[in-house]
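Here's the structure we're looking at; comments come further down.
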Amino acid sequence: MSQQEKIALVTGAGQNMGLGVARRLAAIGIHVLINDIDADKAEAAASSIRERGHKASSAPFDITDTATVLKAVGALEAELGGIDILVNNAGNAGTRATHQISFKDMPTEEWDMYLKVNLYGVMNCTKAVLSGMCDRGWGRVITISSEAGRQGLDINVSVYGAAKAGAAHLMRHIAREVGPDGVTANVVSLGLMDNVPEEFTAPIVKTIPTRRLGSGDDVGSAVEYLISDGASWVTGQTLVLNGGSLAIG
Ligand SMILES: NC(=O)c1ccc[n+]([C@@H]2O[C@H](COP(=O)([O-])OP(=O)(O)OC[C@H]3O[C@@H](n4cnc5c(N)ncnc54)[C@H](O)[C@@H]3O)[C@@H](O)[C@H]2O)c1
């Protein structure tokens with residue numbers, strides 16, 4: 001199957017990292033389905049890609065709701081064909097601003113805003129596409145994770161980190177389950193990216209060996225590699241994009 005025949009679903013692709021991934025996949029000929037909970041953002045992103053002469057459709061839905069995801073993915077596949085590539089990108093605190101607070105002080109009511117989008121959202125979308133990928137004998141699942149999911153940090157993001165670690169470990173198990181069916185499952189773990197407020201990033205950038213923050217284009221490059229034929233023997237792995245940092249990145 002050539003790239004021109006493939007269909008990719010990128011979650012949370014209305015802006016920033018997800019949009020960078022969507023643009024990259026579209027640029028190599030893939031039909032990209034732009035998911036976002038914000039329908040206007042999804043449509044604006046899809047139309048900006050179409051204006052460049054590439055294939056993109058908006059696919060707005062809330063990835064945290066299992067029934068919604070199964071129904072929406074079913075409808076998309078019935079209309080356009082099977083989804084070959086899933087990029088689980090939507091994350092952070094979902095639709096709310098990330099609230100950095102220690103675990104001991106975090107109200108238990110806040111746990112769900114991290115777990116739902118970063119863990120259940122990944123489970124929902126992966127569940128929706130995986131059987132079809134296995135039946136067709138080819139598929140790529142890539143989950144965008146965080147360095148907070150690989151290591152303990154002192155920046156008060158413990159529940160977010162736990163959700164990211166859970167989603168990353170799900171990929172490792174799934175990789176073993178579906179490897180014989182031609183489907184790979186990998187993780188891209190991000191350090192500090194260029195959409196984080198400068199007051200937080202300024203002191204940290206100086207400690208990053210490459211002296212810059214990561215971008216959506218960096219994430220797009222990693223995803224482009226992981227979906228390539230050259231990466232067909234790479235599965236259950238974590239590709240770390242953090243500018244060479246040893247700690248938070
Ligand atoms: N930005 C960073 O520094 C950084 C660092 C490490 C990891 N990450 C991870 O990278 C990914 C992308 O980060 P970003 O900073 O570009 O995110 P962002 O917050 O800028 O964008 C996320 C998008 O997801 C959408 N979204 C939120 N909840 C949704 C839901 N329930 N259903 C569908 N869409 C939903 C939002 O509307 C938004 O457009 C996330 O998984 C994040 O956890 C980011």
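The values are calculated or read from the model by the stated rules, or taken from the named source; none is laboratory data. All figures in this text were calculated on a predicted structure; none of them were measured in a lab. Heads up, the Cβs are rebuilt from the backbone with ideal geometry, glycines too, and the neighbour counts pull from every protein chain shown. Ligands, DNA and RNA are stripped out before the accessible areas are found, and what is left, the full protein with its side chains, is counted by its heavy atoms. Shrake-Rupley method; radii C 1.70, N 1.55, O 1.52, S 1.80 Å.
Summary value for the stretch 3-241: 19 percent relative contact order, contacts being C-alpha pairs under 8 angstrom separated by 6+ residues. Of the residues L115, L190, L153, the one that moves most in a GNM of the chain with alpha-carbon contacts below 10 Å is L153. In the stretch 158-249, Cα pairs under 8 Å separated by at least six residues give a relative contact order of 40 percent. Taking amide H positions as modeled 1.01 Å from N, with prolines and chain starts lacking one, the residues under 5 Å from Q237 and 5 or more places away or on another chain are V187.
Scanning residues 5 or more positions from V141 or on other chains, those with amide H under 5 Å from its amide H are L86, T184, A185, N186, with H placed 1.01 Å from N in the peptide plane. Dipole magnitude for the chain: computed about the Cα centre from +1 point charges on Lys and Arg Cβ and -1 point charges on Asp and Glu Cβ, it is near 500 debye.
Would you mind telling me which residue in I30, I83, I204 has the biggest mean-square fluctuation in a Gaussian network model of the chain, where springs connect alpha carbons within a distance under 10 angstrom? Maximum fluctuation in the GNM of the chain, among the listed residues, is at I204.
When only alpha carbons are used to place a centre, the stretch 204-243 and the stretch 14-82 end up 21 Å from one another. Extension gain for D40 to Y225 (0.36 nm times residue separation, less C-alpha to C-alpha distance): 63.6 nm. Counting only protein heavy atoms and a 1.4 Å probe, the stretch 3-241 has 46 square angstrom of accessible area per residue.
If you take all other residues with their beta carbon under 11 Å from the beta carbon of L25, and give Lys and Arg +1 and Asp and Glu -1, the sum is +3. Applied to the stretch 110-125, the Karplus parametrisation 6.51 cos²θ - 1.76 cosθ + 1.60 on θ = phi - 60° returns per-residue 3J(HN,Hα) values of 8, 4, 4, 5, 8, 5, 5, 7, 7, 10, 5, x, 5, 5, 4, 5 Hz, with x for Gly and Pro. Which angle from 0 to 90°, rounded to the nearest 10, does the C-alpha axis of helix 16-27 make with the longest principal axis of the chain? In the chain, helix 16-27 runs at an angle near 30 degrees to the longest axis.
Roughly to the nearest percent, how much of the accessible area of the chain is carbon and sulfur, given a 1.4 Å probe? With neighbouring chains kept in place, the figure for the chain is 53 percent.
Report the percentage of all Cα-Cα pairs in the stretch 3-241 whose separation exceeds 31 Å, rounded to a whole percent. Within the stretch 3-241, distances greater than 31 Å cover 17 percent of Cα pairs. Whole-percent P(r), the stretch 1-141, all Cα pairs, 5 Å bins from 0: 2, 11, 20, 22, 19, 12, 7, 4, 2, 1, 0.
For the stretch 166-173, backbone phi angles converted through the Karplus equation (6.51, -1.76, 1.60; θ = phi - 60°) give residue-by-residue couplings of x, 5, 5, 6, 4, 4, 5, 5 Hz, Gly and Pro being listed as x. Mind checking which lysines have their C-alpha under 20 Å from K71, skipping anything on the same chain fewer than 8 residues away? Candidates past the 8-residue exclusion: K116, K127. A cut-off of 5 Å between modelled amide H atoms, ignoring neighbours fewer than 5 places along the same chain, links S57 with V32, L33, I34.
Summed over qualifying helices (DSSP H, 4 residues or more, each -39500 (n - 2.57)) and divided by its residue number, the chain shows a 222 nm mean residue ellipticity of -13000 deg cm²/dmol. Placing dummy labels 7 Å off each Cα toward the beta-carbon, the span from L153 to E51 is 3.3 nm.
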